[in-house]
Amino acid sequence: MKRLAILTSGGDCSGMNATIRAAARTAIANDVEMIGYRKGYAGLLKNEYIVLDSMAVSGTLQRGGTFLQSARSAEFRTEEGRKKALDNLMKERVEGLIVVGGDGSLSGALALDKLGFPVIGIPASIDNDIAYTDMALGVDTALNNIIYAVDCIKDTASSHDRAFIVEVMGRNSGYLASTAAIATGAEFAIVPEVELDLTDMCHQLRRRYEEGRTNALIIMAEGAGHAQSIADGIKDAVGFETRVTVLGHYQRGGAPSVFDRLLGSRFGRKSVELLLSGTKGVMVGLSANSLTTTLLEMVVKGGQKKLNEDLLRMADILGI
């Protein structure tokens with residue numbers, strides 16, 4: 001192979017730039033040219049790319065987000081759009097493509113694989129909901145962002161005898177909420193995987209109040225319900241002045257953690273080496289700190305990764 005390409009698609013996350021940098025420099029070390037498509041599949045369809053030489057990726061390691069940018073593409077979901085993408089790859093003499101993104105992005109990678117084009121997928125989702133990998137890019141940095149914010153909020157909760165509901169990302173997955181609850185000492189984690197018993201939660205909060213603990217911290221995944229309604233229910237049932245803080249896209253950004261810099265570097269290097277060795281149609285993953293490969297078809301058809309039940313039990317036990 002003489003020319004490879006990489007793109008970042010779907011939601012951005014910290015660690016993507018480390019991945020791009022490592023892929024580009026691994027390609028250069030093997031006398032292979034690397035190009036980067038701008039704005040994901042949308043850029044691939046428009047044939048908008050930059051050459052990723054050593055200077056192009058210099059100074060990117062510590063930056064959050066993705067300097068190649070990201071976007072969603074409705075056109076790429078069509079058969080005509082995918083054939084157009086394939087034509088553009090062939091036109092630019094690209095012999096292999098690395099796709100960095102979440103479940104939708106990896107589904108796109110699988111579609112190109114089915115058309116016979118060599119593709120490697122890299123999981124990037126702060127929700128950590130992609131199957132066949134212990135961790136996806138961006139998760140660790142997002143958790144560090146959440147924990148810093150929650151620690152600050154906890155000071156106010158203690159100072160004013162209030163309950164706070166902190167809403168974090170996780171439309172279908174409670175990984176961030178449950179893990180952050182354990183790491184911050186929160187009283188409760190509300191996640192999509194478990195139906196909320198508001199009456200029971202209020203009963204436990206009231207018992208805590210009677211024991212003399214006059215503040216509480218609740219971490220809630222965005223897909224688990226309506227935060228303000230739950231806050232109103234707590235105030236009515238317990239009497240806690242309850243505030244809601246929505247962290248939103250703050251969680252996605254910022255300088256990547258050491259873990260995400262190393263993970264992105266490992267993923268980027270491995271993906272290039274796989275393509276050069278003739279391997280295609282797989283996603284690189286992490287299992288017990290070792291890199292693994294799983295067929296894209298298994299990843300996509302396997303659906304969303306289930307939340308570890310032991311994590312939920314720990315959050316419940318330690319929040320008492």
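Centroid-to-centroid, using Cα positions, region 182-220 and region 107-133 are 37 Å apart.
Quote the relative contact order of region 72-200 in percent (integer), defining contacts as alpha-carbon pairs under 8 Å separated by 6+ residues. If you can, show how the numbers build up before the last one.
Details: 132 pairs, mean separation 19.7, N = 129.
This gives 15 percent for region 72-200.
With both labels modelled 7 Å from their Cα along Cα-to-Cβ, the residue 3 to residue 30 distance reads 1.8 nm.
Once the C-beta distance of residue 276 and residue 155 is scaled by a Förster radius of 45 Å, the resulting FRET efficiency is 0.30 to the nearest 0.05. Working from Cα positions, state the angle (0 to 90°, nearest 10) between the long axis of helix 139-160 and the longest principal axis of the chain. Helix 139-160 and the main axis of the chain meet at about 20 degrees.
Counting every C-alpha pair in region 26-98, the share spaced more than 20 angstrom apart comes to 35%.
Cross-link partners of residue 154 among aspartates and glutamates, defined as those whose alpha carbon lies under 16 angstrom from its own and excluding same-chain residues fewer than eight positions apart: 167, 187, 241. Structure remark: mean-square fluctuation, Gaussian network model of the chain, C-alpha springs under 10 Å; the largest value among 288, 136, 216 belongs to 288.
Using helices alone, what [θ] at 222 nm do you get for the chain, with -39,500 (n - 2.57) per DSSP H run of 4 or more residues, divided over all residues and rounded to the nearest 500?
Working: 11 runs with 138 residues, N = 320.
The per-residue figure over the chain is -13500 deg cm²/dmol.
Rolling a 1.4 angstrom probe over the protein heavy atoms with all chains in place gives region 11-52 an accessible area of 33 Å² per residue. For region 134-285, how big is the tail of P(r) above 20 Å, as a whole percent of Cα pairs? Above the 20 Å cut-off, region 134-285 has 54 percent of its Cα pairs.
Taking only protein heavy atoms and a 1.4 Å probe, the accessible area of region 44-176 is 46% carbon and sulfur. Solvent-accessible area assigned to carbon and sulfur over region 219-320 amounts to 53 percent, based on a 1.4 Å probe.
With contacts taken as Cα pairs under 8 Å and at least 6 residues apart, region 245-320 reaches a relative contact order of 16 percent.
Using θ = phi - 60° in the Karplus curve 6.51 cos²θ - 1.76 cosθ + 1.60, the 3J(HN,Hα) couplings for region 206-215 round to 5, 4, 4, 4, 5, 7, x, 8, 9, 9 Hz; x is entered for Gly and Pro. Placing pseudo-labels 7 Å out from each Cα toward the beta carbon at residue 213 and residue 288 gives an inter-label distance of 3.6 nm. For the chain, averaging the sequence separation of C-alpha pairs within contact (under 8 Å, six or more residues apart) and dividing by the residue count gives a relative contact order of 24 percent. Think of the chain as having a plus end and a minus end, set by charges on the Cβ of Lys, Arg, Asp and Glu; of 216, 141, 153, 141 sits farthest toward the positive end of this dipole.
Let a ≥ b ≥ c be the square roots of the eigenvalues of the Cα gyration tensor of region 1-145; is it rounded (a/c under 1.5), or, if not, prolate (a/b larger than b/c) or oblate? Can you show the working numbers first?
Working: a/c = 1.72, a/b = 1.16, b/c = 1.48.
Note, shape of region 1-145 comes out oblate.
Considering just Cα atoms, how many Å³ per residue does the convex hull of region 222-320 enclose?
On the way: hull volume 17.1 nm³, N = 99.
Expressed per residue, the convex hull around the Cα atoms of region 222-320 is 173 Å³.
Annotation: the antiparallel percentage among DSSP beta bridges lying fully within the chain is about 25.
Each peptide in 164-173, 124-133, 247-256 receives the mean, over its residues, of other Cβ atoms within 10 Å, and ordering these scores from highest gives 124-133, 164-173, 247-256. For region 1-40, the convex hull drawn through the C-alpha positions has a volume of 53 cubic angstrom per residue.
Which of the peptides 264-273, 305-314 is most tightly packed, and how do the rest follow, going by the mean number of other Cβ atoms within 10 Å of each residue? Walk me through the numbers before you get to the answer.
Working: 264-273: 24.1, 305-314: 14.7.
The packing order, highest mean first, is 264-273, 305-314.
The values are calculated or read from the model by the stated rules, or taken from the named source; none is laboratory data. Just so it is clear, the structure is predicted and the values come from calculations on it, not from any experiment. With ideal geometry, Cβ positions are generated from the backbone for all residues, glycine too; neighbour counts draw on all protein chains shown. Remember, those area values only see protein heavy atoms, side chains included, never the ligands or the DNA or RNA. Shrake-Rupley method; radii C 1.70, N 1.55, O 1.52, S 1.80 Å.
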